[in-house]
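Only one structure is covered here, and it is reproduced in the block below.
The values are calculated or read from the model by the stated rules, or taken from the named source; none is laboratory data. This one's a predicted model, so the numbers in the text were calculated from it and none came from an experiment. Quick reminder, even Gly has a Cβ in these numbers, built from the backbone with ideal geometry, and neighbours come from all protein chains shown. The area values use the complete protein model at the heavy-atom level, side chains included, leaving out ligands, DNA and RNA. Shrake-Rupley method; radii C 1.70, N 1.55, O 1.52, S 1.80 Å.
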Amino acid sequence: MLKATLLKAAGSPTLQRQVTSNPVARRVAARFIAGNNLDDADRVIRELNARGASVALDYLGENTESEAQARESTAAYLAALDRIQDHQLDANISVKLTALGLDVRPELALEEASKVAARGKEIGAMVGVDMEAYQYVEKTIETVGRLKQSYDNVGVCVQSYLFRTRDDLDRLNAWGVPVRLVKGAYRESPEVAYAEKALVDRAFADLLEDVIAHNPYPMVATHDPALVRLTKRLVAEHRRDRGTFEFQMLYGVRRDLQQQVVAEGYRLRVYVPYGTQWYPYFMRRLAERPANLYFFLSNLVRR
Ligand code: FDA
């Protein structure tokens, strides 16, 4: 209930204005967001690299409404790739197709994503495509399939809460597209997604077997210790070399677990968002864990 309310609030422009202009919200959000610009992100990437983790850099922004905005997102993603190369950072990038114009025209998102994928390929960096709300899933998978025809450095996220994901995974495995497996962070209808956490977790475990067995480069994106343990068991059973898969976790979440997997010699990539459009991302992080909301509210009261 609380989760659904927070996820609904993530789409409210009025709340967005109130929250983003609030200094306490900005302070709490700083736990999850590297800062407003590439210099801030650069500092965080270096810290994480020094601790043995790679980074997936995410320029915040989603649901652009014009071609001009989509091109601005492309320019920002290209600047991030330039920075990665110029400063020799151990990082790749994550993109959202709605930032690249998916709502305007799917062809526009494909054109813009192609520019980003081409630059990523030049510098040897994967371009991971985030998975957004249900209405975008089919278009995202189709776009990734078309990108894959020219760029082998494109990966995509799939969400275990969706009933359709098993079929999507079969398509992606057949195309040889690297997959990031997550539970899913949006508000979805019970007609298309599991509503109960236990079912989402079980679906994750089932899909995990599949990605470990059949995907060229599984990216296991979770902070759930039971699923991290299961991954370690499955990769051992399937004799997967440690260079052929990675764990992924979010900046500011379960740093203890992040350190643990690095210390054990597994690859870890931390997803690092930066930019001024942090409101929907922040609301999704609050929704994932009620304690984050209480922390936020208690800071507001103490002001
Ligand atoms: P779960 O929610 O069960 O959490 C397990 C434990 O992790 C909790 O008990 C708590 O300790 C900790 N935890 C989890 N979330 C926390 C938070 N916000 N704050 C503090 N502690 C927290 N989703 C999506 O729909 N599309 C996408 O493209 C992506 N991309 C993505 C990339 C990466 C690298 C990660 C790690 C996650 C995503 N997600 C995502 C988000 C994902 O769908 C999911 O919402 C979160 O990862 C939380 O789920 P867990 O698997 O961590 O399990």
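Can you tell me which residue in region 184-199 is most open to solvent (accessible area, probe 1.4 Å), limited to those that are near the ligand (Cβ under 8 Å from one of its atoms) and touching a Lys or Arg at 6+ places or on another chain (Cβ under 8 Å)? Out of the qualifying residues, it is Tyr186. Being within 16 Å of the chain's Cα centre (by Cα) and small (Gly, Ala, Ser) is the filter here, so list the residues in region 151-190 that pass it. Answer for region 151-190, where residues must be within 16 Å of the chain's Cα centre (by Cα) and small (Gly, Ala, Ser): Gly155, Ser160, Gly184, Ala185.
Has region 208-219 got at least one residue that is part of a strand (DSSP E or B) and within 15 Å of the ligand (Cβ to nearest atom)?
yes
For region 58-76, the count of residues that are within 13 Å of the ligand (Cβ to nearest atom), under 20 Å from Tyr217 (Cβ atoms) and in the same structural domain as Val44 (by TED's automatic domain parsing) is at least one. Taking the numbered list (1) touching a strand residue (DSSP E or B) at 6+ places or on another chain (Cβ under 8 Å); (2) open to solvent by 50 Å² or more (accessible area, probe 1.4 Å); (3) within 16 Å of the ligand (Cβ to nearest atom) in turn, Arg31 passes all entries but (1). Exactly one residue out of Arg229, Arg254 is open to solvent by 50 Å² or more (accessible area, probe 1.4 Å) and within 11 Å of the ligand (Cβ to nearest atom), and it is Arg254.
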